[in-house]
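Here is the structure we will look at, set down as structure tokens.
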Amino acid sequence: MASKQLFDLTGQTAIVTGGGTGLGRVIALNLADAGANVVVCSRRKEVCDEVVKEIEGLGRQALALSLDVTNPESIAQGVEKAVSHFGEIHILVNSCGTVFEAPATEMPLQQWQSMMDTNVTGTFLMCQAVGKNMINNKYGKIINISSSIGFKGTDPEAVDSVGYTTSKGAVMTLTKDLAVKWGRHGVYVNSIAPGVFTTGMNDPEIPGTLVHKAGPLIASQVPVRRLGSDNDLAGAALYFASAASDYCTGQILVIDGGLGAK
Ligand SMILES: NC(=O)c1ccc[n+]([C@@H]2O[C@H](COP(=O)([O-])OP(=O)(O)OC[C@H]3O[C@@H](n4cnc5c(N)ncnc54)[C@H](OP(=O)(O)O)[C@@H]3O)[C@@H](O)[C@H]2O)c1
């Protein structure tokens, strides 16, 4: 197959959770650029509406939905709307996520649970709801956004969130287990584990975000000497979403500028 065809998503439909902002927005736009129609969802429909306008500007169809991944009813309604609007769903990107920093000894149970509910249970429930549609259609590509800090311990000076690191480790295991269970149905499940990217969640310029203090330090330790930006993730998502990855499932692709290699 020619390389253009390998990455061509024309006629396919993708759902991107957290698609209104940050990494989810970049992935949604990139999938649309490769030909896909995109359902952009998160709790705030207004931010998704803006991305829908951008996607329509690329000549694709798009639908903005208010969807809360911590609410199974909201997921059921959202997926039903997406299916009735576009029919078959070919691609699911779970990019929604939340983080709360506190020393492990002080981490409030409510915040721990919020990270588990959004990052782990929300990702699972989206895979379950959309996976049924994909299994029926004998085809699907699921991409779960985990994190490079889900592999191991992290210095509290860099990221002080035991709930976040634990939740992202769980997303990686969920990815592998679903890949093994659903490979026979034509449903591929892979994960992208980003290092430190500049987004709303993680902007070194904005006080209160994860790496406000540690950002410059991290940038000086990253082998390529910078934080991640938009284009650094887009190609990986397109690879996992397209026919280019048709013999690849259950994998975690780390995109961290080489930090994990140290
Ligand atoms: N930026 C990084 O350096 C980095 C590194 C590793 C991994 N990640 C992961 O990458 C993903 C995207 O993060 P980001 O950096 O792009 O930050 P972001 O811009 O803050 O994106 C988080 C998204 O999640 C959505 N969201 C949160 N709770 C939700 C819920 N209950 N239901 C539905 N949507 C929900 C938010 O939209 P609403 O508020 O409208 O719901 C938002 O669009 C996350 O999973 C994050 O953990 C990021």
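The values are calculated or read from the model by the stated rules, or taken from the named source; none is laboratory data. What you are looking at is a predicted structure, and each value in this text was computed from that prediction instead of being measured. Glycine also receives a Cβ, built like all others from the backbone with ideal geometry; neighbour counts cover every protein chain displayed. Heavy atoms of the whole protein, side chains included, go into the accessibility calculation; ligands, DNA and RNA do not. Shrake-Rupley method; radii C 1.70, N 1.55, O 1.52, S 1.80 Å.
Some points to look at:
- In this structure the chain gives 46 Å² per residue of accessible area when probed at 1.4 Å with all protein chains present.
- Equivalent-ellipsoid semi-axes for the range 3-261 (Cα gyration tensor, √(5λ), whole Å, largest first): 28, 19, 18.
- Residue-averaged 222 nm ellipticity for the chain, from DSSP H runs of 4+ at -39500 (n - 2.57), nearest 500: -12500 deg cm²/dmol
- For Ile255, distant residues with modelled amide H under 5 Å away: Ala193, Gly195
- Anisotropy class of the range 171-262 from Cα gyration tensor, a/c 1.5 cut: prolate
- Counting only protein chain heavy atoms and rolling a 1.4 Å probe, the accessible areas of Phe7, Phe197, Phe86 rank, largest first, as Phe7, Phe86, Phe197.
- Checking the cross-link pairs Lys45/Lys181; Lys4/Lys262; Lys181/Lys262; Lys132/Lys176 against a 24 Å limit on the alpha carbon distance flags Lys45/Lys181; Lys4/Lys262; Lys181/Lys262 as lying beyond it.
- Arg60 contributes an accessible area of around 70 Å² to the protein surface, as traced by a 1.4 Å probe with all chains present.
- Carbon-plus-sulfur accessible fraction, the chain (probe radius 1.4 Å, protein heavy atoms only): 52%.
- Residue list for the range 181-206, given a label point 7 angstrom along the Cα-to-Cβ vector of Glu88 and an amide N cut-off under 15 Å: 185-188
- Computed from label points 7 Å out along Cα-Cβ, the spacing between Thr105 and Tyr139 is 5.6 nm.
- Accessible surface of Cys248, taken over heavy atoms with a 1.4 Å probe and every protein chain present, rounds to 20 Å².
- Modelled this way, with points 7 Å down the Cα-to-C-beta line, the labels at Ala76 and Lys176 are 3.3 nm from one another.
- Largest to smallest accessible area among Tyr164, Tyr139 [probe 1.4 Å]: Tyr139, Tyr164
- In the complete set of protein chains, residue-level accessible area for Phe124 is approximately 80 Å², probe 1.4 angstrom.
- Whole-number percent relative contact order across the range 61-127, with pairs defined as alpha carbons under 8 Å at least 6 apart: 40
- For the range 3-261: relative contact order, % (alpha-carbon pairs under 8 angstrom, 6 or more apart): 19
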